[in-house]
Amino acid sequence: MANYVISDIHGALDEFKTLLKKISFQYDGTDELYLLGDYCDWGSKSLETLLYVKELDETYPFVHTLMGNHELMFLTTILSGYKDGDDDVNARNWLYANKGLATWQAYLKLPEEEKSALAIWLHGLSLSATVKVEGRTYLLSHAYPYFYDQIEDEIEGLQKRFDALWRRLMLHEDPFADYHGEEQYTTFICGHTITDYYYGLIRFERDWPYWKPTDYMRNHVFRGERFIDIDCGAKCMDYDVDSRELIQMAALRAQLAALRLEDEKEYYVHRPPIHIPEANLPNLPNIQDLAGGQSFLEISKWLGVPGRLTTEELQKILNRAGISLFRGEKRDTMNTHEDDSE
């Protein structure tokens, strides 16, 4: 039996199905699957992914689905009775700022019975789950810890439910500092924040005490002292030709990750890279200017190369200036990797 955790699929339905095959997930009840929310929006198969997750949840008792902030925004828009053109700030924030428009347009085409069933399912999604594995107790939530065994007053309870879906855990924050229940939690697992955010923060840590990070071509799971973030930016996989440079760079690094709790092994899938012929690679006469400890993201942005580069293609460019793509040491953690990421 194995327990797997996946978060922030964001419409990457094909990659989600591929990842389930990659971990050899068993549908006979010997494995458990925990999904931490944000199944819709951004990706090209947004509503399809949400409905597929709903089907898994309703078919298999060993599939556990939590709510993400994107499911909340979707549900809030449904319950508000929003109509196209309404001056609803919250709805428009989801539709446009949070890439929910395609989800909404697909939803409007559903039969009324399916619309109602979807709203009921969204409303019933949990905010957290507790999982005990190999002597360790994990708390799972989309963004921030939420404890069902702590009674709060109405106002505080609303704030904590909001935090569970929206609040970002700080790098040195203890996720269990305010918990006074009976569980002996060891680790908090979340999504919501793309792991590159934390990797960026620890570049400024003089003596990061847990491990020295490797500069990966793609996003990888991040491990803090008492929390693990598994959002590796799958929401950006459909945006490699987006007009915004930042999203193009995020697409270069995007992956969908799974974590097996028994040994904390990581699994990854991503889109195949676009291979650019060497003759079309840009000339880089001043690339030495980037040799002063710049990150892959900064180098890629400076290059301005369209589409995606494989590790080998990028390294081929950098070799002309004697710059190595990867720096740092391997992480000294209990986990192992299984991925074909570059």
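The values are calculated or read from the model by the stated rules, or taken from the named source; none is laboratory data. Just so we're clear, the structure is a prediction, and the values are computed from it rather than from any experiment. Heads up, the Cβs are rebuilt from the backbone with ideal geometry, glycines too, and the neighbour counts pull from every protein chain shown.
Look at ARG168 and say whether it is surrounded by fewer than 20 Cβ atoms within 10 Å (Cβ to Cβ) and within 17 Å of SER7 (Cα to Cα).
yes
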* Asked: How many residues does the range 43-70 contain that are in contact with a Ser or Thr (Cβ under 9 Å, 6 or more places away or on another chain) and of a type outside the set (Gly, Ala, Ser)?
  -> 12
* To do: Would you confirm whether any residue within the range 31-43 is out of contact with any helix residue (DSSP H, G or I) (no Cβ under 8 Å at 6 or more places or on another chain) and either in a helix (DSSP H, G or I) or more than 21 Å from VAL5 (Cβ to Cβ) (or both)?
  => no
* Identify the residue in the range 174-195 that is assigned to a loop (DSSP other than H, G, I, E, B) and aliphatic (A, V, I, L, M) and, among all such residues, is farthest from the chain's Cα centre (by Cα). => ALA177
* In the set THR49, THR76, THR103, which member is under 18 Å from CYS232 (Cβ atoms) and either assigned to a helix (DSSP H, G or I) or modelled with pLDDT under 95 (or both)? -> THR49
* For the range 14-25, which residues satisfy the criterion of being part of a loop (DSSP other than H, G, I, E, B), free of Cβ contacts under 8 Å to residues at least 24 places away in the same chain and not polar (S, T, N, Q)? -> PHE25
* Does the range 111-120 include one or more residues that are under 19 Å from the mean Cα position of the chain (by Cα), farther than 30 Å from GLU183 by Cβ and not in a strand (DSSP E or B)? -> no
* Of (1) closer than 23 Å to GLN184 by Cβ; (2) touching a residue at least 12 places away in the same chain (Cβ under 8 Å), GLY135 satisfies all except one. Which? -> (2)
* List pairs: first in the range 26-42 and within 15 Å of LYS54 (Cβ to Cβ), second assigned to a strand (DSSP E or B) and aromatic (Phe, Trp, Tyr), Cβ under 6 Å, 6+ apart or cross-chain? -> LEU33/TYR4
* Asked: Out of (1) outside any helix (DSSP H, G or I); (2) in contact with a helix residue (DSSP H, G or I) (Cβ under 8 Å, 6 or more places away or on another chain); (3) of a type outside the set (Phe, Trp, Tyr), the odd one out for LEU140 is which?
  -> (2)
* **Verdict on TYR82 being at pLDDT below 95, over 16 Å from the mean Cα position of the chain (by Cα), hydroxyl-bearing (Ser, Thr, Tyr) and assigned to a loop (DSSP other than H, G, I, E, B)** => yes
* **Number of positions in the range 162-185 that are within 26 Å of GLY233 (Cβ to Cβ) and of a type in the set (S, T, N, Q)** => 0
* Structure fact -> Scanning the range 251-269 residue by residue, those out of contact with any strand residue (DSSP E or B) (no Cβ under 7 Å at 6 or more places or on another chain), over 18 Å from VAL133 (Cα atoms) and not aliphatic (A, V, I, L, M) turn out to be ARG253
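Here's the yes/no breakdown for (1) among the basic types (Lys, Arg); (2) within 18 Å of the chain's Cα centre (by Cα); (3) surrounded by 18 or more Cβ atoms within 10 Å (Cβ to Cβ):
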site: VAL5; (1), (2), (3): no, yes, yes
site: ALA12; (1), (2), (3): no, yes, yes
site: ASP31; (1), (2), (3): no, no, yes
site: TYR34; (1), (2), (3): no, yes, yes
site: HIS64; (1), (2), (3): no, yes, yes
site: TYR96; (1), (2), (3): no, no, no
site: GLN105; (1), (2), (3): no, no, no
